[in-house]
Amino acid sequence: MRKNNGQWILKSRPQGLVERVNFEWREEPIPTIRDGQFLVRNLWFSCDPTQRLWMQFDTYIPAVPLGDVMYSMSAGQVVESRHADFKPGDKVTGAWGWQDYTVTDGSGLVPATKIPAGVDFPTALSLFGITGLTAYFGLLDLAAPQAGDVVVVSAAAGSTGSFVAQIAKLKGCRVIGIAGGEKKCTFLTKDLSLDGRSIIVARTSPLGFANCARTGSMCTSTTSGGRFSMPPWETSPSAHGSWCAARSPATTTSPTCLQSATT
(Lines give C-alpha, C1' and ligand atoms only; values in the text may rest on other atoms or scores of the structure.)
Protein backbone atom coordinates (compact mmCIF):
# COMPACT_ATOMS: atom_id res chain seq x y z
CA MET A 1 0.00 0.00 0.00
CA ARG A 2 1.24 3.49 -0.81
CA LYS A 3 2.44 5.75 1.97
CA ASN A 4 0.49 8.84 0.83
CA ASN A 5 -2.91 9.67 -0.56
CA GLY A 6 -2.50 11.42 -3.91
CA GLN A 7 -5.28 13.89 -4.71
CA TRP A 8 -6.28 16.14 -7.60
CA ILE A 9 -7.58 19.38 -6.08
CA LEU A 10 -9.79 21.92 -7.87
CA LYS A 11 -7.61 25.03 -7.72
CA SER A 12 -9.62 27.48 -9.85
CA ARG A 13 -12.87 27.59 -11.79
CA PRO A 14 -12.39 27.09 -15.54
CA GLN A 15 -13.04 29.89 -17.98
CA GLY A 16 -13.99 28.04 -21.12
CA LEU A 17 -12.22 24.71 -21.59
CA VAL A 18 -10.80 22.91 -18.57
CA GLU A 19 -7.01 23.25 -18.31
CA ARG A 20 -4.22 21.78 -16.21
CA VAL A 21 -3.86 25.06 -14.32
CA ASN A 22 -7.33 24.52 -12.84
CA PHE A 23 -5.98 21.63 -10.76
CA GLU A 24 -3.31 21.05 -8.17
CA TRP A 25 -1.68 17.74 -7.20
CA ARG A 26 -1.37 17.11 -3.47
CA GLU A 27 -0.23 14.26 -1.31
CA GLU A 28 -1.74 13.77 2.14
CA PRO A 29 -1.37 11.02 4.74
CA ILE A 30 -3.63 8.04 4.09
CA PRO A 31 -6.67 8.53 6.35
CA THR A 32 -7.33 6.11 9.19
CA ILE A 33 -10.65 4.37 9.73
CA ARG A 34 -12.94 4.25 12.76
CA ASP A 35 -15.68 1.82 13.73
CA GLY A 36 -18.30 1.60 10.99
CA GLN A 37 -15.90 2.74 8.26
CA PHE A 38 -13.70 1.16 5.59
CA LEU A 39 -10.75 2.26 3.46
CA VAL A 40 -10.98 2.03 -0.33
CA ARG A 41 -8.04 2.06 -2.75
CA ASN A 42 -9.49 3.85 -5.79
CA LEU A 43 -8.34 2.27 -9.05
CA TRP A 44 -10.65 3.69 -11.73
CA PHE A 45 -12.23 7.16 -12.06
CA SER A 46 -15.03 8.48 -14.21
CA CYS A 47 -14.62 11.52 -16.44
CA ASP A 48 -18.09 12.85 -17.29
CA PRO A 49 -19.38 16.01 -19.01
CA THR A 50 -21.35 16.92 -15.89
CA GLN A 51 -18.08 17.35 -13.99
CA ARG A 52 -17.48 20.54 -15.98
CA LEU A 53 -20.66 21.96 -14.47
CA TRP A 54 -19.74 20.77 -10.98
CA MET A 55 -16.57 22.84 -11.27
CA GLN A 56 -18.50 25.99 -12.12
CA PHE A 57 -21.77 26.32 -10.18
CA ASP A 58 -24.44 24.53 -8.16
CA THR A 59 -26.43 21.90 -10.06
CA TYR A 60 -28.27 18.99 -8.45
CA ILE A 61 -25.30 18.99 -6.08
CA PRO A 62 -23.32 21.99 -4.74
CA ALA A 63 -20.35 23.10 -6.84
CA VAL A 64 -16.98 21.63 -5.96
CA PRO A 65 -15.45 24.00 -3.39
CA LEU A 66 -12.08 25.41 -4.39
CA GLY A 67 -9.39 23.51 -2.53
CA ASP A 68 -11.41 20.27 -2.40
CA VAL A 69 -10.80 16.96 -4.16
CA MET A 70 -12.38 16.96 -7.63
CA TYR A 71 -15.70 15.13 -7.56
CA SER A 72 -16.17 11.96 -9.60
CA MET A 73 -17.45 8.44 -9.51
CA SER A 74 -14.74 5.91 -8.75
CA ALA A 75 -14.23 2.19 -8.39
CA GLY A 76 -11.73 0.35 -6.26
CA GLN A 77 -11.04 -2.28 -3.66
CA VAL A 78 -11.51 -2.34 0.10
CA VAL A 79 -8.09 -2.61 1.77
CA GLU A 80 -9.09 -2.19 5.41
CA SER A 81 -12.44 -2.37 7.16
CA ARG A 82 -14.21 -1.90 10.47
CA HIS A 83 -17.63 -2.06 8.77
CA ALA A 84 -19.86 -5.11 9.12
CA ASP A 85 -20.98 -5.10 5.47
CA PHE A 86 -17.62 -4.58 3.76
CA LYS A 87 -14.47 -6.64 4.04
CA PRO A 88 -10.94 -6.35 2.59
CA GLY A 89 -10.90 -7.51 -1.00
CA ASP A 90 -14.43 -6.33 -1.82
CA LYS A 91 -14.66 -4.43 -5.11
CA VAL A 92 -16.85 -1.33 -4.79
CA THR A 93 -18.03 1.83 -6.51
CA GLY A 94 -18.92 5.21 -5.01
CA ALA A 95 -18.63 8.97 -5.44
CA TRP A 96 -15.18 9.41 -3.89
CA GLY A 97 -13.42 11.80 -6.23
CA TRP A 98 -9.99 11.92 -7.83
CA GLN A 99 -7.85 10.54 -5.03
CA ASP A 100 -5.98 7.32 -4.31
CA TYR A 101 -7.71 6.44 -1.04
CA THR A 102 -11.08 7.14 0.55
CA VAL A 103 -12.46 6.50 4.03
CA THR A 104 -16.23 6.03 3.99
CA ASP A 105 -19.08 4.54 5.98
CA GLY A 106 -20.78 3.59 2.70
CA SER A 107 -23.43 6.33 2.77
CA GLY A 108 -23.75 9.48 0.69
CA LEU A 109 -25.43 10.81 -2.46
CA VAL A 110 -24.13 7.73 -4.28
CA PRO A 111 -23.82 4.98 -1.65
CA ALA A 112 -21.01 2.45 -1.81
CA THR A 113 -22.06 -0.49 -3.98
CA LYS A 114 -20.37 -3.87 -4.20
CA ILE A 115 -19.38 -4.92 -7.71
CA PRO A 116 -20.73 -8.39 -8.58
CA ALA A 117 -18.32 -11.16 -9.51
CA GLY A 118 -17.45 -11.14 -13.20
CA VAL A 119 -18.00 -7.38 -13.65
CA ASP A 120 -14.84 -5.36 -14.27
CA PHE A 121 -14.26 -1.81 -13.03
CA PRO A 122 -14.96 0.04 -16.32
CA THR A 123 -18.25 -1.83 -16.80
CA ALA A 124 -19.25 -1.15 -13.20
CA LEU A 125 -18.74 2.60 -13.75
CA SER A 126 -20.46 2.72 -17.15
CA LEU A 127 -23.08 0.10 -18.04
CA PHE A 128 -23.92 -0.63 -14.40
CA GLY A 129 -23.18 2.92 -13.21
CA ILE A 130 -25.03 6.22 -13.42
CA THR A 131 -24.87 6.43 -17.22
CA GLY A 132 -26.41 2.99 -17.69
CA LEU A 133 -29.07 3.60 -15.03
CA THR A 134 -29.94 6.98 -16.56
CA ALA A 135 -30.32 5.41 -20.00
CA TYR A 136 -32.40 2.47 -18.76
CA PHE A 137 -34.88 4.29 -16.54
CA GLY A 138 -34.94 7.52 -18.55
CA LEU A 139 -35.96 5.64 -21.68
CA LEU A 140 -38.07 2.77 -20.40
CA ASP A 141 -39.81 4.38 -17.39
CA LEU A 142 -40.16 7.98 -18.60
CA ALA A 143 -40.21 7.94 -22.40
CA ALA A 144 -41.80 4.45 -22.46
CA PRO A 145 -41.36 3.62 -26.16
CA GLN A 146 -43.33 0.86 -27.82
CA ALA A 147 -42.14 -1.52 -30.52
CA GLY A 148 -42.37 0.25 -33.86
CA ASP A 149 -41.94 3.76 -32.43
CA VAL A 150 -39.36 6.11 -33.87
CA VAL A 151 -36.88 6.95 -31.10
CA VAL A 152 -34.68 10.01 -31.59
CA VAL A 153 -31.60 10.19 -29.34
CA SER A 154 -29.49 13.32 -29.05
CA ALA A 155 -25.80 12.93 -28.18
CA ALA A 156 -26.31 9.35 -29.33
CA ALA A 157 -22.58 8.67 -29.59
CA GLY A 158 -22.00 9.64 -25.96
CA SER A 159 -21.94 7.47 -22.87
CA THR A 160 -25.63 7.69 -21.93
CA GLY A 161 -26.95 8.25 -25.44
CA SER A 162 -25.27 5.16 -26.87
CA PHE A 163 -26.89 3.03 -24.16
CA VAL A 164 -30.30 4.62 -24.85
CA ALA A 165 -29.97 3.90 -28.56
CA GLN A 166 -29.06 0.25 -28.04
CA ILE A 167 -31.86 -0.33 -25.52
CA ALA A 168 -34.36 1.22 -27.94
CA LYS A 169 -33.16 -1.09 -30.70
CA LEU A 170 -33.59 -4.11 -28.42
CA LYS A 171 -37.18 -2.94 -27.79
CA GLY A 172 -37.97 -3.05 -31.50
CA CYS A 173 -37.90 0.68 -32.17
CA ARG A 174 -36.62 2.54 -35.21
CA VAL A 175 -33.76 4.59 -33.79
CA ILE A 176 -32.32 7.83 -35.14
CA GLY A 177 -29.17 9.12 -33.50
CA ILE A 178 -28.05 12.76 -33.48
CA ALA A 179 -24.33 13.44 -33.09
CA GLY A 180 -21.71 16.04 -33.91
CA GLY A 181 -19.73 15.03 -36.98
CA GLU A 182 -19.44 12.35 -39.64
CA LYS A 183 -17.17 10.08 -37.59
CA LYS A 184 -19.63 9.86 -34.70
CA CYS A 185 -22.57 9.35 -37.06
CA THR A 186 -20.74 6.52 -38.83
CA PHE A 187 -20.26 4.88 -35.44
CA LEU A 188 -24.02 5.12 -34.86
CA THR A 189 -25.03 3.36 -38.06
CA LYS A 190 -22.08 0.99 -38.50
CA ASP A 191 -21.26 -0.10 -34.94
CA LEU A 192 -24.60 0.44 -33.19
CA SER A 193 -26.72 -0.43 -36.26
CA LEU A 194 -29.06 2.53 -35.84
CA ASP A 195 -31.66 3.11 -38.53
CA GLY A 196 -30.76 6.75 -39.16
CA ARG A 197 -28.31 9.45 -38.20
CA SER A 198 -28.40 13.23 -38.13
CA ILE A 199 -25.38 15.51 -37.94
CA ILE A 200 -25.44 18.59 -35.70
CA VAL A 201 -24.40 21.76 -37.54
CA ALA A 202 -23.76 25.01 -35.66
CA ARG A 203 -24.62 23.07 -32.45
CA THR A 204 -28.37 23.73 -32.77
CA SER A 205 -29.72 22.35 -36.05
CA PRO A 206 -29.73 18.59 -36.72
CA LEU A 207 -28.96 18.27 -40.43
CA GLY A 208 -31.28 15.85 -42.20
CA PHE A 209 -33.42 15.23 -39.13
CA ALA A 210 -36.76 15.68 -40.89
CA ASN A 211 -35.66 13.45 -43.77
CA CYS A 212 -34.78 10.45 -41.61
CA ALA A 213 -37.71 10.75 -39.16
CA ARG A 214 -41.01 9.27 -40.24
CA THR A 215 -44.39 10.59 -39.19
CA GLY A 216 -46.22 8.59 -36.55
CA SER A 217 -45.46 7.91 -32.93
CA MET A 218 -42.11 9.39 -31.98
CA CYS A 219 -40.24 9.08 -28.70
CA THR A 220 -37.26 11.31 -27.89
CA SER A 221 -34.48 11.00 -25.35
CA THR A 222 -32.33 14.06 -24.85
CA THR A 223 -29.09 12.98 -23.20
CA SER A 224 -26.97 16.09 -23.68
CA GLY A 225 -27.05 19.78 -23.05
CA GLY A 226 -27.38 23.02 -24.86
CA ARG A 227 -30.26 24.22 -27.00
CA PHE A 228 -32.24 21.88 -29.19
CA SER A 229 -34.05 24.34 -31.44
CA MET A 230 -35.98 21.84 -33.59
CA PRO A 231 -38.47 20.00 -31.35
CA PRO A 232 -39.33 16.48 -32.58
CA TRP A 233 -43.06 17.33 -32.53
CA GLU A 234 -42.47 19.73 -35.41
CA THR A 235 -42.02 16.49 -37.36
CA SER A 236 -44.53 14.37 -35.44
CA PRO A 237 -47.39 15.89 -33.39
CA SER A 238 -47.64 12.69 -31.34
CA ALA A 239 -44.05 12.92 -30.14
CA HIS A 240 -43.25 12.43 -26.47
CA GLY A 241 -40.08 11.75 -24.58
CA SER A 242 -37.68 12.42 -21.75
CA TRP A 243 -34.90 14.92 -21.10
CA CYS A 244 -32.69 12.80 -18.89
CA ALA A 245 -29.58 14.98 -18.90
CA ALA A 246 -30.56 18.31 -20.39
CA ARG A 247 -27.96 20.84 -19.30
CA SER A 248 -26.20 23.99 -20.39
CA PRO A 249 -23.24 23.91 -22.80
CA ALA A 250 -20.24 22.42 -21.07
CA THR A 251 -18.02 25.50 -21.30
CA THR A 252 -20.56 28.03 -20.05
CA THR A 253 -19.93 30.17 -16.98
CA SER A 254 -23.63 30.50 -16.11
CA PRO A 255 -26.57 28.15 -16.60
CA THR A 256 -28.92 28.60 -19.56
CA CYS A 257 -32.38 27.18 -20.01
CA LEU A 258 -33.44 24.37 -22.30
CA GLN A 259 -34.96 25.95 -25.41
CA SER A 260 -38.12 24.76 -27.17
CA ALA A 261 -38.73 21.92 -24.71
CA THR A 262 -42.34 22.90 -24.09
CA THR A 263 -43.38 24.81 -27.21
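In the list 3, 11, which residue meets the criterion of being over 17 Å from the mean Cα position of the chain (by Cα), modelled with pLDDT under 95 and over 25 Å from residue 129 (Cβ atoms)?
3
I'd like the full set of residues that are exposed (fewer than 12 other Cβ atoms within 10 Å of the Cβ) and either of a type outside the set (A, V, I, L, M) or more than 25 Å from residue 106 (Cβ to Cβ) (or both), limited to region 1-25.
2, 3, 15, 16, 17, 19, 20, 21, 25
Can you tell me which residue is surrounded by the fewest Cβ atoms within 10 Å (Cβ to Cβ) among those in region 26-44 that are in contact (Cβ under 8 Å) with a residue 24 or more places away in the chain and in contact with a Gly (Cβ under 6 Å, 6 or more places away or on another chain)?
43
Considering only region 185-199, state which residues are buried (at least 19 other Cβ atoms within 10 Å of the Cβ), at pLDDT 90 or above and part of a helix (DSSP H, G or I).
Within region 185-199, 188 is the sole residue that qualifies.
Please tell me if residue 56 is in contact with a Pro (Cβ under 9 Å, 6 or more places away or on another chain), polar (S, T, N, Q) and modelled with pLDDT under 95.
For residue 56, the condition - in contact with a Pro (Cβ under 9 Å, 6 or more places away or on another chain), polar (S, T, N, Q) and modelled with pLDDT under 95 - is met.
If residue 148 satisfies all but one of (1) surrounded by 15 or more Cβ atoms within 10 Å (Cβ to Cβ); (2) part of a loop (DSSP other than H, G, I, E, B); (3) in contact (Cβ under 8 Å) with a residue 60 or more places away in the chain, what's the number of the condition it fails?
(1)
For region 149-176, how many residues meet the condition of being at positive phi and modelled with pLDDT of 90 or more?
1
Does region 22-41 contain any residue that is modelled with pLDDT under 95 and within 20 Å of the chain's Cα centre (by Cα)?
No: region 22-41 contains no residue that is modelled with pLDDT under 95 and within 20 Å of the chain's Cα centre (by Cα).
Can we say residue 9 is under 18 Å from residue 77 (Cβ atoms) and touching a Lys or Arg at 6+ places or on another chain (Cβ under 6 Å)?
In short, no.
Against the condition in a helix (DSSP H, G or I) and either assigned by TED's automatic domain parsing to the domain that holds residue 48 or more than 25 Å from residue 50 (Cβ to Cβ) (or both), how does residue 160 come out, does it pass?
It is false that residue 160 is in a helix (DSSP H, G or I) and either assigned by TED's automatic domain parsing to the domain that holds residue 48 or more than 25 Å from residue 50 (Cβ to Cβ) (or both).
If residue 73 meets every condition in (1) under 20 Å from residue 126 (Cβ atoms); (2) in contact with an Asp or Glu (Cβ under 8 Å, 6 or more places away or on another chain); (3) touching a residue at least 60 places away in the same chain (Cβ under 8 Å) apart from one, which number is that one?
The single condition residue 73 does not satisfy is (3).
Residues that are at pLDDT 95 or above, on the phi > 0 side of the Ramachandran plot and buried (at least 21 other Cβ atoms within 10 Å of the Cβ): list the strands (runs of 3 or more DSSP E) wholly contained in region 61-119 that include at least 3 such residues.
Answer list for region 61-119: none.
The values are calculated or read from the model by the stated rules, or taken from the named source; none is laboratory data. On a predicted model such as this, the values are computed, not experimentally measured, just so you know. All Cβ positions, even for glycine, are placed from backbone atoms using ideal geometry, and neighbour counts span all protein chains on display.
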